[in-house]
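As structure tokens, the structure follows; a few thoughts come after it.
The values are calculated or read from the model by the stated rules, or taken from the named source; none is laboratory data. Please read these numbers as outputs of a predicted model, since none were measured by experiment. All Cβ positions, even for glycine, are placed from backbone atoms using ideal geometry, and neighbour counts span all protein chains on display. When the accessible area is computed, the model is the full protein with side chains, heavy atoms only, and any ligands, DNA or RNA have been set aside. Shrake-Rupley method; radii C 1.70, N 1.55, O 1.52, S 1.80 Å.
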Amino acid sequence: VLRQRIAEWRGEAVPQQEPPARAAPEAGTMVEVDVSLGEPASNVVPGNATVFIIARDPDQPSPPLAAVRRRAAELPATVSLSDADAMLPGRPLSAHTRLEIVARVSMSGQPIEQPGDWYGIARIDTSESMRADIIIDRVVD
């Protein structure tokens, strides 16, 4: 755009450029998850707290199918979960149509759920939607 404007100002022929190529979606991306902290959590969760975004099979929740890690200060955020985030070989995210997505703030920094952690949850059918919206607003008892 700048080169075109400069050429216009100088009275030169305007160079025609191809529009920038858009990045292709990540191979194997299954689910886009919009994660945010609810008001109660945002008042007590420190910015450096670890947030785990986990995809599970609702019929066999453990071990998780896929997981990614973020910091609370990065929220709100859109996070992609794909086969690249799989926890175990042979259990790809793409092999499941029903998913339970959990976003959990670990107050201890540990991946295992503990009392006092904050979380939000969504269930999706990937044949209908590839997106989930999660607000972290509940506390683990």
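Just one of the numbered conditions (1) surrounded by fewer than 19 Cβ atoms within 10 Å (Cβ to Cβ); (2) touching an Asp or Glu at 6+ places or on another chain (Cβ under 6 Å) is not true of N43; which one?
(2)
Being within 18 Å of N48 (Cα to Cα), in contact (Cβ under 8 Å) with a residue 12 or more places away in the chain and touching a helix residue (DSSP H, G or I) at 6+ places or on another chain (Cβ under 7 Å) narrows it down to one residue among D137, D83, D117; which is it?
Only one candidate qualifies: D137.
Collect the residues in segment 89-141 that are open to solvent by 30 Å² or more (accessible area, probe 1.4 Å), of a type in the set (D, E) and outside any loop (DSSP other than H, G, I, E, B), keeping them in residue-number order.
Scanning segment 89-141 gives D125, D133.
Name every residue in segment 91-119 that is of a type in the set (S, T, Y) and out of contact with any Lys or Arg (no Cβ under 7 Å at 6 or more places or on another chain), in order of residue number. Write out each step before concluding.
Here is the first cut: in segment 91-119, the residues of a type in the set (S, T, Y) are 94, 97, 106, 108, 119.
Across segment 91-119, the qualifying residues are S94, T97, S106, S108.
Return yes when M30 is modelled with pLDDT under 95 and open to solvent by less than 40 Å² (accessible area, probe 1.4 Å) and no when it is not.
On the way: modelled with pLDDT under 95: yes; open to solvent by less than 40 Å² (accessible area, probe 1.4 Å): yes.
Judged against the criteria, M30 is a match.
Taking segment 42-82 on its own, how many of its residues are part of a loop (DSSP other than H, G, I, E, B) and either hydrophobic (A, V, I, L, M, F, W, C) or over 11 Å from the mean Cα position of the chain (by Cα) (or both)?
Residues in segment 42-82 being part of a loop (DSSP other than H, G, I, E, B) and either hydrophobic (A, V, I, L, M, F, W, C) or over 11 Å from the mean Cα position of the chain (by Cα) (or both): 15 in total.
Could you check how many residues of segment 46-72 are open to solvent by 80 Å² or more (accessible area, probe 1.4 Å) and either touching a residue at least 12 places away in the same chain (Cβ under 8 Å) or more than 20 Å from I124 (Cα to Cα) (or both)?
Of the residues in segment 46-72, 4 are open to solvent by 80 Å² or more (accessible area, probe 1.4 Å) and either touching a residue at least 12 places away in the same chain (Cβ under 8 Å) or more than 20 Å from I124 (Cα to Cα) (or both).
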